[in-house]
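The values are calculated or read from the model by the stated rules, or taken from the named source; none is laboratory data. Remember, predicted model here, so these are calculated numbers, not experimental data. Here Cβ is always computed from backbone atoms with ideal geometry, including for glycine, and neighbour counts include all displayed protein chains.
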Amino acid sequence: MKFVLEVTVEDGAVAQDRVAELERILRYWGGNLRHYALGPGAGSPVYDSAYQEVGAWRVVES
């Protein structure tokens, strides 16, 4: 099983402060993982601090 996290850092809040926004995204992403059955096909959009969708994560078979 492989976890894939993709984040676009060219727009919105992420583009303004990449380090702070990526820290926040990873913190919230990690904290919410317990709410998902982490099997192939699981996933969800990822949002910046302005609640703009900036990417997604997903679980795929390796």
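Among the residues of region 1-33, write down those that are of a type in the set (K, R) and within 14 Å of the chain's Cα centre (by Cα). Spell out the reasoning first.
Step one: filter region 1-33 for residues of a type in the set (K, R), giving 2, 18, 24, 27.
If the condition is that a residue be of a type in the set (K, R) and within 14 Å of the chain's Cα centre (by Cα), then R18, R24, R27 are the ones that fit.
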Select from region 6-28 the residues that are in contact with a Gly (Cβ under 9 Å, 6 or more places away or on another chain) and of a type in the set (D, E) and write down the one among them that is modelled with the highest pLDDT. E6
Counted residues, region 29-62 - those being assigned to a helix (DSSP H, G or I), modelled with pLDDT of 90 or more and surrounded by 12 or more Cβ atoms within 10 Å (Cβ to Cβ): 0
Under the condition of being over 14 Å from the mean Cα position of the chain (by Cα) and of a type in the set (G, A, S), which residue from region 34-45 is nearest to L5 (Cα to Cα)? G41
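Would you check if E21 is in contact (Cβ under 8 Å) with a residue 12 or more places away in the chain, of a type outside the set (A, V, I, L, M) and in a helix (DSSP H, G or I)? Spell out how you get there, then give the answer.
Numbers: in contact (Cβ under 8 Å) with a residue 12 or more places away in the chain: yes; of a type outside the set (A, V, I, L, M): yes; in a helix (DSSP H, G or I): yes.
Here the answer is yes, as E21 does meet what is asked.
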